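The values are calculated or read from the model by the stated rules, or taken from the named source; none is laboratory data. None of these values were measured; they are calculated from a predicted model. Cβ placement follows ideal geometry from the backbone for every residue including glycine, while neighbour counts extend to all protein chains displayed. The area values use the complete protein model at the heavy-atom level, side chains included, leaving out ligands, DNA and RNA. Shrake-Rupley method; radii C 1.70, N 1.55, O 1.52, S 1.80 Å.
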Amino acid sequence: MQAFVLLNNRASLFLIFLFLHLVSQEQVLHGKVIDKTTGQTLPYASVGIYKKPVGGITNSDGTFSIDLSQAGKMDSLLISYIGYAGLSLLLADLDPAKEVTIGLTPKPKELPEIGVAGKRQIIEVGNVTYNGQFTGWGDYSSSRGRLRGLMIMLQEYPVRAVAFECHIKHNTFDSVKVRLHILEYHGDRLPLKELLQDNIYAIISKNAKWVNIDLTPYNIVIKDTVVLAVEWIDAWASAGKPGIGSHLFTFSMSNTPGYVYDRDYPFETPALIQNPETPAMYLKAYRTGKRQ
């Protein structure tokens, strides 16, 4: 009798573990994001749940896996990619047991109105100095898709961006891939709208300090207050260094007070936090158009 009871207990435990495994499998949504017109996969597209800390970015081949255990059937899955129209899907309409392919439609590019500029004197907007403090990340597996940045305000004139620069405090990876964001700020309305029409990436090598991203090919005109932010996209480390735990990727801070932009998940409500120190990031630009 004792052996029979033991056997039943073991069988019950096995069934419980099997059930929990199946339930957990059903809560993970697997899929791929593609260009609806060409079928080409979209690497590093943002995929997440609206106003919840759930989601991340697609891999380099456009695939993704999202844990839906913190989401409900009536929540919305949002998908976005710079240069494409965003998409919203109700979770109740998706079957986690089946891989989903999501197609995004390219948006036509808008040409900004450019006034006649005078002498092209390069100005620097943002923080050009840094101190010993820093902000950033150390856990690669959960940091892809996170953003850090700061708010910058124009004084009088619209500007055309020439370059973006930021100062790196730590980069213990062999290289890190980042994506630049320039987000329009209109009062307290969040989330902020992306001003860029192209994905602008940079590869940052180990021990790099000042990083420069050339913006002249992108015809970026800024007319008002914006947020400059850098998103951690990918990282690589040498064999034997898996890229977690001991690795760091951080930005230097500046003594300039202002607002720090912080977003950990693609579609959660981001934070603009007033702080005595802000990231060492700035734009090189020249004035264009008329006085505001």
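Students often forget the sequence filter, so: which lysines lie under 17 Å Cα-Cα from residue 107 once same-chain residues fewer than 8 apart are removed?
Qualifying lysines at Cα under 17 Å: 36, 193.
Mind giving me the FRET efficiency for residue 128 and residue 236? R0 is 30 Å, r the Cβ-Cβ distance, nearest 0.05 is fine. Could you put the intermediate results ahead of the total?
Numbers: r = 29 Å, r/R0 = 0.98.
Once the sixth-power term is evaluated, E becomes 0.55.
Within the range 47-88, what residues put their amide N at less than 16 Å from the label point 7 Å along the Cα-to-Cβ vector of residue 99?
58-66
Could you sort 93, 67, 262 by their accessible area in this structure, using a 1.4 Å probe and putting the largest first?
Details: 93 120, 67 85, 262 45 Å².
Descending order: 93, 67, 262.
Once label points are set 7 Å from the Cα along Cα→Cβ at both residue 91 and residue 170, what is their separation, rounded to one decimal in nm?
Result: 3.3 nm between the two label points.
Counting only residues 5 or more places away or on other chains, whose amide H sits under 5 Å from the amide H of residue 173 once H atoms are built in the peptide plane?
Long-range HN contacts for residue 173: 248.
Would you kindly state how much longer the chain becomes between residue 184 and residue 275 on full extension, computed as 0.36 nm times their sequence separation minus their alpha carbon distance, in nm to one decimal? Write down the numbers at each step before the final one.
Details: separation 91, 0.36 × 91 = 32.76 nm, distance 1.99 nm.
Answer, rounded to one decimal: 30.8 nm.
What's the Kirkwood radius of the range 203-272 in Å, using all Cα pairs?
Details: mean 1/r = 0.0633 Å⁻¹.
The Cα-based Kirkwood calculation yields 15.8 Å.
Counting other Cβ atoms within 10 Å of each Cβ, which trypsin sites (Lys or Arg not before Pro) in the range 138-226 have at most 16 and sit in a DSSP loop? Let's see the in-between values first.
Details: sites: 144, 146, 148, 160, 169, 177, 179, 189, 193, 206, 209, 223; in loops: 144, 146, 189, 206, 209, 223.
Passing sites in the range 138-226 are 189, 206, 209, 223.
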